[in-house]
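The values are calculated or read from the model by the stated rules, or taken from the named source; none is laboratory data. Bear in mind that the values here come from a model prediction, so they are computed numbers and not experimental data. Note that we place each Cβ from the backbone using ideal geometry, even for glycine, and neighbour counts take in every protein chain shown. Ligands, DNA and RNA are stripped out before the accessible areas are found, and what is left, the full protein with its side chains, is counted by its heavy atoms. Shrake-Rupley method; radii C 1.70, N 1.55, O 1.52, S 1.80 Å.
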Amino acid sequence: MTPTSRATAASPTEASSLPQRKFRPEIQGLRAVALGLVVAYHVWLGRVSGGVDVFLLISAFLMTGQFVDRYRTGARVSLPRHWLHTFRRLLPAAVVTIVGTVIASLAILPGTRWATILEQAWASLFYAENWVLQRDAVNYYAQDHSTASPFQHFWSLSIQGQVFLVFPVVFLIAAAVCRRARLNYERVLFWAFAALFLVSLVYSVYETAVSQSEAYFDTGARLWEFALGALLAIVSGRVRLPARAAAAAGWAGLVLIIACGLVLQVDGVFPGFAALWPTLAAGAVILAGEDGGTRGVHRLLGLAPFQRLGNVSYSLYLWHWPVLVLATEVRGGESPGWLAGSAVILASLALAYVTTRFVDKPWRAWRWPELRVRQGLVAVAACVAAVALPVGSIQASIQIANHKAIANAPRNNPGAAALVPGYSGTPDPKASLLPLPSKLEQDWASLPQQCDDDLGLSAKLRGNGCSQVGQSGASKTVLVVGNSHAQQWLGALLPVAEQHGWRMYQLLKGGCVYQPPSSDVGDDCNEFNQEVSSQIAAHRPDAVVLVGTAAAPSSSDETLTPGLEQLVEGFTKDGIDVVALRDNPRFAFNMSECVVQHGEADSACRAPSSSVLAPENPLTALASRYPDRFHAIDMTDFLCPGGECRGVIGNVFVYLDSNHLSRTYTSSLSPILEQRIIAATGWA
């Protein structure tokens, strides 16, 4: 998505000895085609086109050509100056987009999403957005754009930025080695990038098969695309196709690029072998160049509309995604049709033109930052400050408001305590709800210490983040297992364990219900559960806590978790108590966002418990068959008091999202949960 340059990217002190690189309009046109596909597929089809892969290849192609030319002419290359020059050109348009997106997001999106947006604004500024999305295992193919981050598209720019830092080091090291050993520079680069291509492609195929949602944003899984662009730059000057072959290759490449997203079901296969389709097709267009003569594809790609679109392609890529996400939110989550989608594209084009005309071009023409490294640093620092000051100020104001609300929480935010008979508090009805909407996404429960070595954890379990409270030799050892619906109860269980001096540890994996091996879950989940079972067998706890039912979103179709009876039978035979919590209600909408947008009293943010849970607790029948060591705990009356499930109780958000309880609320449930566990188990 980086802009095309008509000359090398060398600084003034370097450029005097460099030949002017020939501007290739077909590459600018190819950029326009790829960008058009990206925008059209995002807006209208909700799919991935392969256009981004073309951009990645082109950026490496251009950068490699620059460094090869510099070596040929013996031009001096200052790495700090090169980096400053590169990011001084990239940052202004990105900064305008980031600041504009933050302002628009705070005005349009609910406060429950502000924390993520501000975090990703920083990540986008510092070219780390792909790592944030990889950490969160975001589904890039999700068609509900209203729930996507308006900064999600910065993943590809972040990978490019990382490559723009690393590849120049490779070029300079290779140059130093070749000068000293009198080796052929281009030949050394060719074999270096060929090796990188093969290693990264193999890794990409493997990682895509194991976890496609993470591989999509993995720099290592994308390096082969850049390496392919570098290889193309090295060989393109030595390859001249006959006119007919060039024309055929160029047109075939263009057709394949356009057809990629239509023919391939990219969900689950990019960026593995499937991404060779658009990148090799782009390579064919670039290799064909102008060799196709009057019938070559360059004649089409060189036309004025393609050139104009190519000129604003960087800014258009920056703007189209936040405009789409925010427009979808304004439309109530409804994906844009042809008319609304056209409006999104026109608005994005207008913003791209303004950004290019009044920000990008003037900043590029400003020569002062190019004169000295110090001045280049000032220019880059100014760009960073333009984002850091507003974003940092917003985060600081949120933090101050959060501290103020927490200080008043004992009086104004009782949570579940407000439902306990005899409660006589008088919370301020105008007090802020806790956690603040901007803090909701971070309100997950956890345990304070890393698990001790004496638990005998495998590398897989330890790598998944085992944590505990208490020490070995405690009066009771309690293990919490399961997925995020078990994790959310740590907020209530932690004070209980601390008060009674228990050692409690968790072995949890998101999206992975603890159950016997099953073909209904992935291999990774089955392997994790097997490791948990082995750990339990070798280091038998006194009790296992899990969630024993699975509620369905906005439905009474609640069932026992798969294989629960088999697990209970095995644990109770081994003398292990099982504490099974009934699942909390789940909803087909985001409960916390409903409260923020409509207010806690709105009927849209409430539901009868009979509509979201089974009429009878599915755990009851199982408890009757294992009366001694199986203990069913039902907290529904404190989630749905009076048979009505609410988004707010006692000035506290009950839910983080559509189905997870907030740590703040479960913490307020701790005294009630303690009473019920002690009553059910008879533990002292």
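Here's a check for you: in the stretch 659-684, which residue that is outside any helix (DSSP H, G or I) and not polar (S, T, N, Q) is surrounded by the most Cβ atoms within 10 Å (Cβ to Cβ)?
Filtering the stretch 659-684 for residues that are outside any helix (DSSP H, G or I) and not polar (S, T, N, Q), the one surrounded by the most Cβ atoms within 10 Å (Cβ to Cβ) comes out as 661.
Scan the stretch 624-635 residue by residue and report those that are over 27 Å from residue 554 (Cβ atoms) and either open to solvent by 30 Å² or more (accessible area, probe 1.4 Å) or in a helix (DSSP H, G or I) (or both).
Result: 624, 625, 626, 627, 628, 629.
Show the residue pairs that are 6+ apart or on different chains and have beta-carbon atoms under 7 Å apart, the first residue being within the stretch 506-519 and without any contact (Cβ under 8 Å) to a residue 60 or more places away in the chain, the second being assigned to a strand (DSSP E or B) and of a type in the set (Gly, Ala, Ser).
Every condition considered, the pairs that remain are 506/467; 508/482; 513/482; 514/482.
Please determine whether any residue of the stretch 532-542 is in contact with a Pro (Cβ under 7 Å, 6 or more places away or on another chain) and in contact (Cβ under 8 Å) with a residue 40 or more places away in the chain.
No, every residue in the stretch 532-542 fails to be in contact with a Pro (Cβ under 7 Å, 6 or more places away or on another chain) and in contact (Cβ under 8 Å) with a residue 40 or more places away in the chain.
Taking the stretch 40-56 only, how many residues are touching a Phe, Trp or Tyr at 6+ places or on another chain (Cβ under 7 Å), open to solvent by less than 10 Å² (accessible area, probe 1.4 Å) and modelled with pLDDT of 90 or more?
1
Before we move on, is residue 456 loosely packed, with under 14 Cβ neighbours inside 10 Å, closer than 17 Å to residue 544 by Cβ and not aliphatic (A, V, I, L, M)?
Values: loosely packed, with under 14 Cβ neighbours inside 10 Å: yes; closer than 17 Å to residue 544 by Cβ: yes; not aliphatic (A, V, I, L, M): yes.
Spelling it out, residue 456 is indeed loosely packed, with under 14 Cβ neighbours inside 10 Å, closer than 17 Å to residue 544 by Cβ and not aliphatic (A, V, I, L, M).
Which residue out of 470, 491 is at positive phi, open to solvent by less than 50 Å² (accessible area, probe 1.4 Å) and at pLDDT 90 or above?
Checking each option against the conditions leaves just 470.
When you check residue 288 against the structure, is it over 18 Å from residue 38 (Cβ atoms), more than 26 Å from the chain's Cα centre (by Cα) and buried (at least 24 other Cβ atoms within 10 Å of the Cβ), yes or no?
Yes: the conditions hold for residue 288.
Among the candidates 445, 486, single out the residue that is assigned to a loop (DSSP other than H, G, I, E, B) and open to solvent by less than 60 Å² (accessible area, probe 1.4 Å).
On the way: 486 fails: assigned to a loop (DSSP other than H, G, I, E, B).
Matching residue, one of 445, 486: 445.
On the basis of being over 30 Å from residue 113 (Cα atoms) and not in a helix (DSSP H, G or I), does residue 478 make the cut? So that I can check it myself, show each step before the final result.
Values: over 30 Å from residue 113 (Cα atoms): yes; not in a helix (DSSP H, G or I): yes.
Considered against the rule, which asks whether it is over 30 Å from residue 113 (Cα atoms) and not in a helix (DSSP H, G or I), residue 478 comes out as yes.
Taking residue 31 as the residue in question, decide whether it is in contact with a helix residue (DSSP H, G or I) (Cβ under 7 Å, 6 or more places away or on another chain), in contact (Cβ under 8 Å) with a residue 24 or more places away in the chain, assigned to a helix (DSSP H, G or I) and charged (D, E, K, R).
Criteria met by residue 31.
Do we find a residue being in contact (Cβ under 8 Å) with a residue 60 or more places away in the chain, touching a Cys at 6+ places or on another chain (Cβ under 9 Å) and crowded, with 16+ Cβ neighbours inside 10 Å anywhere in the stretch 117-136?
Yes, some residue in the stretch 117-136 is in contact (Cβ under 8 Å) with a residue 60 or more places away in the chain, touching a Cys at 6+ places or on another chain (Cβ under 9 Å) and crowded, with 16+ Cβ neighbours inside 10 Å.
For the stretch 239-282, how many residues meet the condition of being under 17 Å from residue 222 (Cβ atoms), open to solvent by 10 Å² or more (accessible area, probe 1.4 Å) and not hydrophobic (A, V, I, L, M, F, W, C)?
1
If we scan the stretch 311-325, do we find a residue that is under 29 Å from residue 91 (Cβ atoms), open to solvent by 50 Å² or more (accessible area, probe 1.4 Å), touching a residue at least 40 places away in the same chain (Cβ under 8 Å) and in a helix (DSSP H, G or I)?
yes
Would you check which residues across the stretch 326-362 are part of a helix (DSSP H, G or I), surrounded by fewer than 18 Cβ atoms within 10 Å (Cβ to Cβ) and touching a residue at least 24 places away in the same chain (Cβ under 8 Å) and list them?
330, 338, 347, 353, 359 - these are the residues of the stretch 326-362 that are part of a helix (DSSP H, G or I), surrounded by fewer than 18 Cβ atoms within 10 Å (Cβ to Cβ) and touching a residue at least 24 places away in the same chain (Cβ under 8 Å).
Say whether the condition of being of a type in the set (Ser, Thr, Tyr) and under 17 Å from residue 667 (Cβ atoms) is met by at least one residue in the stretch 487-506.
The answer is no, given that none of the residues of the stretch 487-506 is of a type in the set (Ser, Thr, Tyr) and under 17 Å from residue 667 (Cβ atoms).
Could you please tell me which pairs satisfy a Cβ distance under 6 Å, a separation of 6+ or placement on different chains, a first residue in the stretch 374-394 that is polar (S, T, N, Q), and a second residue that is assigned to a helix (DSSP H, G or I) and crowded, with 16+ Cβ neighbours inside 10 Å?
Close Cβ pairs satisfying both conditions: 375/369.
Among the residues of the stretch 566-586, what is the count of those that are touching a residue at least 24 places away in the same chain (Cβ under 8 Å) and either open to solvent by 10 Å² or more (accessible area, probe 1.4 Å) or acidic (Asp, Glu) (or both)? Break it down into steps so the answer makes sense when it comes.
Within the stretch 566-586, the subset touching a residue at least 24 places away in the same chain (Cβ under 8 Å) is 566-569, 571-572, 574-586.
Next, only the ones that are either open to solvent by 10 Å² or more (accessible area, probe 1.4 Å) or acidic (Asp, Glu) (or both) stay: 566-567, 569, 571-572, 574-575, 577, 582-583, 586.
Residues in the stretch 566-586 being touching a residue at least 24 places away in the same chain (Cβ under 8 Å) and either open to solvent by 10 Å² or more (accessible area, probe 1.4 Å) or acidic (Asp, Glu) (or both): 11 in total.
With 364, 357, 372 as the choices, which residue is more than 24 Å from residue 121 (Cα to Cα), out of contact with any strand residue (DSSP E or B) (no Cβ under 7 Å at 6 or more places or on another chain) and among the basic types (Lys, Arg)?
The conditions single out 372.
Which numbered condition in (1) within 24 Å of the chain's Cα centre (by Cα); (2) buried (at least 22 other Cβ atoms within 10 Å of the Cβ) is the only one that residue 465 fails?
In the conditions (1) within 24 Å of the chain's Cα centre (by Cα); (2) buried (at least 22 other Cβ atoms within 10 Å of the Cβ), residue 465 misses (2) alone.
Could you tell me whether any residue of the stretch 512-534 is open to solvent by less than 10 Å² (accessible area, probe 1.4 Å), in contact with a Leu (Cβ under 6 Å, 6 or more places away or on another chain) and under 23 Å from residue 469 (Cβ atoms)?
Checked against the condition, which is being open to solvent by less than 10 Å² (accessible area, probe 1.4 Å), in contact with a Leu (Cβ under 6 Å, 6 or more places away or on another chain) and under 23 Å from residue 469 (Cβ atoms), the stretch 512-534 yields at least one hit.
Out of all the residues in the stretch 594-623, which are over 22 Å from residue 415 (Cβ atoms) and open to solvent by less than 10 Å² (accessible area, probe 1.4 Å)?
Passing the criteria: 619, 622.
Quick one: which helices (runs of 4 or more DSSP H) sit completely within the stretch 498-616 and have at least 2 residues that are at pLDDT below 95 and within 25 Å of residue 675 (Cβ to Cβ)? Steps first, please.
Details: elements: 523-538, 564-573, 591-598.
Result: 564-573.
Would a scan of the stretch 454-473 turn up a residue that is closer than 21 Å to residue 582 by Cβ and out of contact with any Ser or Thr (no Cβ under 7 Å at 6 or more places or on another chain)? Steps first, answer last, please.
Going residue by residue through the stretch 454-473, those that are closer than 21 Å to residue 582 by Cβ are none.
No: the stretch 454-473 contains no residue that is closer than 21 Å to residue 582 by Cβ and out of contact with any Ser or Thr (no Cβ under 7 Å at 6 or more places or on another chain).
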